[in-house]
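Scroll down for the structure; my scribbles are underneath it.
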Amino acid sequence: MRCPGRRRGLSYRDAFPCEAAPAVSWWKKILAGDGGSIKPQRLDYLNEGLALERHGDFEGAITSYQLALRDEPANVKVLQYIAIALSRTGRQEEAIRHYRRALELQPDLAGAHYGLAFLLRRRGDLERAAEHLRAFLSRPPRDPEMARWVDHARVALAEIDGGEGGEVTA
């Protein structure tokens, strides 16, 4: 079925001169800006995930992080954020896999060593947990706000080395 106002060979503006053409022009300006050509806008899935996580929606955050990872599969920041969200939802093995992938891409990534160490410790793999704690402590973050995480890693490593091996929550 043909649109009643549309005649063959006429543009949209010519077929609908009064009402619809201004709306199309208005939308084109919004979507295209001053350049005039409409370009698809990339969504910032990483920031969307962070916002969802701040509001406690970890499953939504994981979905956003997965979309961000689809766009940039080698983004170690996204790999770490998804690992954190996965660990908060109890999906420890998936979180471990994402931390390991981040470390494959960037072996000195302190945050990935830290997170992986505590997941391995919780799983009972104390030897590997100690390796990652040592790697984290060999290049600890210098930010004063990170001092409590560095102290936490030192205490956990001392417990592992001392044979206590008690669970420490990350």
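The values are calculated or read from the model by the stated rules, or taken from the named source; none is laboratory data. None of these values were measured; they are calculated from a predicted model. Counting neighbours? That spans all protein chains shown, and the Cβs are built from the backbone with ideal geometry, glycine included. Please note that ligands, DNA and RNA were not included when accessible areas were found on the heavy atoms of the full protein model with its side chains. Shrake-Rupley method; radii C 1.70, N 1.55, O 1.52, S 1.80 Å.
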Inset, instruction - Answer yes or no as to whether residue 142 is basic (Lys, Arg) and part of a helix (DSSP H, G or I). - result: no
Inset, instruction - Return a yes/no flag: does the stretch 79-99 have any residue that is among the acidic types (Asp, Glu) and modelled with pLDDT of 95 or more. - result: yes
Legend entry - Selected residue (criterion: nearest to residue 160 (Cα to Cα)) from residues of the stretch 101-139 that are outside any helix (DSSP H, G or I) and open to solvent by 70 Å² or more (accessible area, probe 1.4 Å): 139
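Quick check on the stretch 152-170: of everything there that is within 26 Å of the chain's Cα centre (by Cα) and at pLDDT 95 or above, which residue is surrounded by the fewest Cβ atoms within 10 Å (Cβ to Cβ)?
Taking the candidates together, the pick is 152.
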Legend entry - Subset of the stretch 55-79 [part of a helix (DSSP H, G or I) and open to solvent by less than 40 Å² (accessible area, probe 1.4 Å)]: 60, 61, 62, 64, 65, 68, 69, 76, 78, 79
